[in-house]
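To keep things clear, I will list the structure first and then write my remarks on it.
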Amino acid sequence: MAEPAGSTDAREELMTLAATVRNHLQRKAAAGIRAIPKRRAAHGNSDQPAASGPLGGLDDNLFSDYGEARAADSLETLRAAIGDCRRCKLWPGRTHLVFGVGNPRAEIMFVGEGPGRDEDLQGEPFVGRAGQLLTDIITKGMKLRREDIYIANVIKCRPPENRNPEPDEVESCEPFLKKQIELIRPRIIVGLGKFAVQTLLQSKVPITRLRGIWHEYHGIKLMPTFHPAYLLRNPGDKKLVWEDIQKVLEELKTASA
Ligand code: URA
């Protein structure tokens with residue numbers, strides 16, 4: 001019996017769609033990409049984090065290999081779960097995956113954008129010129145030791161030529177930052193610079209308007225401030241960062257009183 005024309009069209013459309021998806025996944029696999037992060041809803045100009053989901057954010061989906069990371073109960077097991085990561089296209093260009101450094105029970109956590117050249121070579125965040133300035137802020141300004149706090153980045157591998165991380169790279173990597181925050185549960189997060197702050201807050205509001213004001217990240221106080229690399233170019237704004245850091249120190253005193 002002859003098939004109705006509509007049903008042949010639908011089958012052909014389905015086969016074309018299946019072939020397109022297969023080709024797409026084969027190209028991803030050839031590039032070493034084994035996980036396909038779930039796209040989040042855009043949050044426009046809101047300066048609030050996504051309402052959905054707990055801190056973990058390691059959604060299972062097609063080819064996902066975030067399961068072990070989700071189950072991690074320490075920074076060590078999380079690092080082991082990330083492994084020799086090939087979940088996004090940055091892996092071929094890295095020397096080291098830069099996981100994070102510091103006290104796993106830190107009260108303050110600093111979050112930057114992603115490793116630069118020095119960090120990629122040494123495997124530790126904020127060790128270049130901007131890192132030296134951050135270390136000065138921590139040691140000379142806050143009178144703390146670098147080992148007292150925890151430092152991590154939104155993305156763990158250096159983008160080529162230090163370009164801005166791309167959305168798919170952030171989607172692949174940000175779940176690990178969320179898990180780090182969940183494991184450390186700091187009292188305060190200091191977001192360093194536009195990129196980290198806008199990513200954490202899911203916001204497009206300029207850093208000049210976000211900084212110096214308390215925000216919340218899944219129940220944790222978040223203070224946005226300028227990135228140390230920006231301060232190297234604009235030393236006149238160091239006083240603004242110092243104002244932000246003094247708010248952090250005040251809050252720390254209140255919280256421990
Ligand atoms: N800039 C960042 O955002 N992170 C680093 O680790 C180094 C420079």
Ranking Y217, Y230 from most to least accessible area with a 1.4 Å probe gives Y230, Y217
Measure off, as a whole percent, the carbon and sulfur share of the 1.4 Å-probe accessible area of region 130-218, all protein chains present. 50 percent
Tally Lys/Arg at +1 and Asp/Glu at -1 over every other residue whose Cβ is under 10 Å from the Cβ of G93; what's the total? +1
Accessible area per residue in Å² at 1.4 Å probe, computed on region 77-129: 45 Å²
Nearest 20 debye, what's the magnitude of the dipole of region 105-257 about its Cα centre given +1 on Lys and Arg Cβ and -1 on Asp and Glu Cβ? 480 debye
Rounded if a/c is under 1.5, else prolate if a/b beats b/c, else oblate: with a ≥ b ≥ c from the C-alpha gyration tensor eigenvalues square-rooted, which is region 76-227? rounded
Where both partners of a DSSP beta bridge lie in region 80-220, what percent of those bridges are antiparallel, to the nearest 5? 25 percent
Quick one: how many Å² of K194 are accessible to a 1.4 Å probe, rounded to 10? 120 Å²
Once Lys and Arg get +1 and Asp and Glu get -1 on their Cβ, which of Q202, W214, N234 lies farthest toward the positive end of the dipole of region 188-244? N234
Which pairs in the list K156/K204; K178/K204; K179/K253; K179/K238 are over 24 Å apart, alpha-carbon to alpha-carbon? K179/K253; K179/K238
Could you sort R87, R105, R233, R187 by accessible area so the largest value comes first, with the probe set to 1.4 Å? R105, R233, R187, R87
How would you classify region 70-158 from its alpha-carbon gyration tensor, with a ≥ b ≥ c the square roots of the eigenvalues: rounded for a/c under 1.5, else prolate if a/b is greater than b/c, otherwise oblate? oblate
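The values are calculated or read from the model by the stated rules, or taken from the named source; none is laboratory data. This structure is a prediction, so every number in the text was calculated from the model and none was measured. Here the Cβ is made from the backbone with ideal geometry for all residues, glycine too, and neighbour counts use every protein chain on show. Protein only, heavy atoms only, side chains kept; ligands, DNA and RNA dropped before computing areas. Shrake-Rupley method; radii C 1.70, N 1.55, O 1.52, S 1.80 Å.
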